[in-house]
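Here is the structure we will look at.
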Amino acid sequence: MILPFFSFLKKSFYMRMILIMLGVSVIPLILLSWISITVSSSTVEKQVNRLNGQLVNQVVDRIELSMSRFREVSDQYSRLPSIQGALVPPSPLYYDEVVRKRELISVLSTASAVIGNVEGLQVYSAVTGEILSNYESPSRLEESPYKPIIEHFLASGSSSMFLDKGSIPELALLDNATFYIRRIPYDLFDEMTGALLISMNNSQYQRQIENIQLGAKGSISLLTPDGISIATTSKLDYALDEARIARILQHWRTQNHPDQFVLDASLISVKQTATYNGWIVLSEIPSKELTQSAGIIRRTVSYFLLFLIILGVLSIFGFGYQLYRPLQEVRRQVEALKKGRFDARVTRLANNEIGELGRMLNSMAARIQELVQDQQVSDELKRKLEIRALQSQINPHFMYNTLNTIRMFAMMKDYDKINSLMGRLVSLLRYSMENYEQTVLLQQELDYLRDYIELLNMRYKCQINLECEIEPSLLKMHIPKLGLQPLIENSVFHGILPKKTTDGRIVIRACTLPDQTCIMLEVEDDGIGMEEEELKRLQVHLMREEPGENIGLKNVWMRLKLMFGQDTRVELYSESAAGSSIRFLLPIDSVYLKGDPHEPIQGAVG
């Protein structure tokens with residue numbers, strides 16, 4: 001088995017293509033892996049530098065955006081009439097003064113809620129010397145904790161000022177909060193009536209940076225220009241972190257403020273805000289974090305490359321061996337078919353396209369074998385059935401009686417009945433004798449049977465009613481010519497007339513069964529029926545090939561089976577004095593409609 005398998009690998013074009021494709025894939029993969037391992041460190045470092053720079057820029061942008069927002073809000077609210085109206089000499093009426101202050105406090109509370117992320121809003125009145133807050137009761141400047149801030153602002157002579165830890169180092173109030181102060185009115189040429197203070201807790205800045213992940217030992221810090229920490233993610237204690245920041249800022253200033261540099265085996269990114277108090281954003285990533293990432297990439301690429309090579313080699317031999325066995329089976333089957341051995345079968349069927357090909361070959365061989373056998377049987381049956389079909393087309397006895405009836409009406413000079421009889425007889429003769437070997441539509445056969453029944457009704461006293469219960473689409477179904485006439489004749493002469501009643505009934509049905517596998521064609525009468533023993537003899541007779549009695553019924557059955565295939569079935573039902581029923585079950589995929597003789601009925605009927 002092994003030697004033929006390797007021979008198969010050498011001869012198989014498909015396997016050669018797999019080997020070529022694997023070689024073409026593996027060599028570039030090895031080169032790509034080597035390049036990836038070689039440049040991984042520098043690539044990771046460049047990417048980290050770029051991302052770290054972007055990160056620092058984003059933090060700076062957030063800080064500047066917050067400060068810009070404070071300035072816009074302070075400008076907006078300092079112009080409100082309710083705030084400006086409160087910065088006037090106190091009213092002599094106590095009630096008016098209380099209403100004015102309450103309105104001012106309400107405006108400050110609303111502004112605090114709208115701005116968000118602020119600790120509080122305060123208004124200093126230069127007229128009354130009071131400070132009004134959104135969360136504190138009004139107080140005199142001398143009694144307020146904001147006195148150092150207001151005095152520092154007034155001493156500066158500026159229109160606005162940003163205060164942090166480095167602005168007034170000895171003031172404890174600035175340890176946990178930053179302030180933005182705006183003069184009211186803003187223009188220095190106008191007389192000052194007060195100032196608007198917006199305070200933000202430093203924890204808000206801490207929240208902006210605490211979710212930034214820079215590795216186990218990396219950190220990002222927000223600093224004043226003097227290096228005082230406003231917020232940081234460093235895990236060092238305060239003294240060590242202060243010394244670290246001082247060393248980094250000294251190097252940064254010495255190097256003329258570069259955006260990025262390497263210091264003490266760490267990648268440093270620094271950027272200073274361009275507005276307000278010049279805060280500094282500092283990011284530090286130790287080099288070990290970078291080399292650790294590069295090492296992970298190298299190991300991952302190496303292991304994955306080794307895995308792909310082993311998997312590729314095993315796949316070639318495994319897949320090739322699985323392909324070899326079923327292909328050999330298919331090849332032997334084809335050789336057997338070429339030699340005419342249609343009984344050969346593929347025994348090893350794979351669960352893939354080759355296995356499907358083997359199943360198709362098995363099915364084709366079985367079908368060819370069946371067709372050859374059917375052809376031999378059909379040739380012999382065709383010769384016998386042609387003779388029987390000719391015998392059953394027109395009953396000479398029926399022809400004799402019909403002509404005798406016409407002679408009787410001629411003696412009675414009943415020319416209307418003679419004309420009607422002759423017309424129907426001519427129609428029957430034309431239908432039965434022209435185009436003998438062709439099939440006809442069910443509708444044509446029914447039209448012929450109506451003429452046939454009318455002719456019988458003119459001859460006999462018993463009036464026979466022909467009823468048709470046919471699905472409209474099945475009226476175009478092809479059936480053997482004169483396929484139903486022998487059945488109608490049997491119903492009349494062996495069922496209805498022997499009953500000796502004034503009328504009789506014959507029903508022809510054609511419909512699709514509910515399971516959509518068969519078409520039912522049935523002829524039913526209300527004649528004398530048959531005894532159970534007689535019915536069994538007739539059923540046994542239909543299963544035999546030898547001719548005998550009931551030539552017409554046997555003829556119809558054999559012709560239908562010849563036309564619709566071996567799966568065609570016949571069923572007989574009869575009860576004494578209750579009538580008989582003959583039912584044919586035709587496979588639906590062998591029934592054809594008029595219009596396209598190659599289109600099965602399920603494609604047309606739906």
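The values are calculated or read from the model by the stated rules, or taken from the named source; none is laboratory data. It should be emphasised that the depicted structure is a prediction, and the values quoted were computed from it without experimental measurement. Note: ideal-geometry Cβ built from the backbone for every residue, glycine included; neighbour counts use all protein chains shown. Keep in mind that these areas ignore ligands, DNA and RNA; they rest on the heavy atoms of the full protein, side chains included. Shrake-Rupley method; radii C 1.70, N 1.55, O 1.52, S 1.80 Å.
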Flagged pairs (Cβ under 8 angstrom, 6 or more apart or on separate chains; first in the stretch 453-476, free of Cβ contacts under 8 Å to residues at least 40 places away in the same chain; second of a type in the set (A, V, I, L, M, F, W, C) and surrounded by 15 or more Cβ atoms within 10 Å (Cβ to Cβ)) are Leu456/Ile464; Leu456/Val492; Asn457/Ile464; Tyr460/Leu497; Leu475/Leu441; Leu475/Leu442; Leu475/Leu446
Selection over the stretch 40-70 where residues are modelled with pLDDT of 75 or more and under 30 Å from Leu121 (Cα atoms) yields a count of 14
| message | Please verify whether Thr502 is open to solvent by 70 Å² or more (accessible area, probe 1.4 Å), of a type outside the set (Asp, Glu), touching a residue at least 40 places away in the same chain (Cβ under 8 Å) and out of contact with any Gly (no Cβ under 9 Å at 6 or more places or on another chain), treating the condition exactly as stated. | response | yes
When Tyr238 is run through (1) loosely packed, with under 14 Cβ neighbours inside 10 Å; (2) in contact with a helix residue (DSSP H, G or I) (Cβ under 6 Å, 6 or more places away or on another chain), the failure sits at (2)
Residues of the stretch 177-195 being touching a residue at least 60 places away in the same chain (Cβ under 8 Å) and either open to solvent by 10 Å² or more (accessible area, probe 1.4 Å) or touching a helix residue (DSSP H, G or I) at 6+ places or on another chain (Cβ under 6 Å) (or both), in sequence order, are Tyr180, Arg182, Ile184, Pro185, Tyr186, Met192, Thr193
Kindly indicate whether Glu533 is among the acidic types (Asp, Glu) and exposed (fewer than 15 other Cβ atoms within 10 Å of the Cβ). yes
By residue number, the members of the stretch 567-593 that are at pLDDT below 85 and surrounded by fewer than 17 Cβ atoms within 10 Å (Cβ to Cβ) are Glu575, Ser576, Ala577, Ala578
The condition of being modelled with pLDDT of 80 or more and out of contact with any Lys or Arg (no Cβ under 9 Å at 6 or more places or on another chain) holds, among Ile131, Ile181, only for Ile181
Scanning the stretch 438-474 residue by residue, the ones that are within 25 Å of Gly565 (Cα to Cα) and either open to solvent by 50 Å² or more (accessible area, probe 1.4 Å) or among the β-branched types (Val, Ile, Thr) (or both) total 9
Result of the Cβ filter at 6 Å on the stretch 196-218, keeping first residues that are surrounded by fewer than 19 Cβ atoms within 10 Å (Cβ to Cβ) and partners that are among the acidic types (Asp, Glu) and in a helix (DSSP H, G or I), at least 6 apart or interchain, is Gly215/Glu289
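Residues checked against (1) closer than 13 Å to Ser580 by Cα; (2) open to solvent by 30 Å² or more (accessible area, probe 1.4 Å); (3) modelled with pLDDT of 85 or more; (4) basic (Lys, Arg):
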| site | (1), (2), (3), (4) |
| --- | --- |
| Ile488 | yes, no, yes, no |
| Phe493 | yes, yes, yes, no |
| Ile496 | yes, no, yes, no |
| Leu513 | no, yes, yes, no |
| Met520 | no, no, yes, no |
Residue hits (the stretch 121-155; buried (at least 17 other Cβ atoms within 10 Å of the Cβ) and hydrophobic (A, V, I, L, M, F, W, C)) are Leu121, Val123, Ala126, Ile131, Leu132, Ile149, Ile150, Phe153
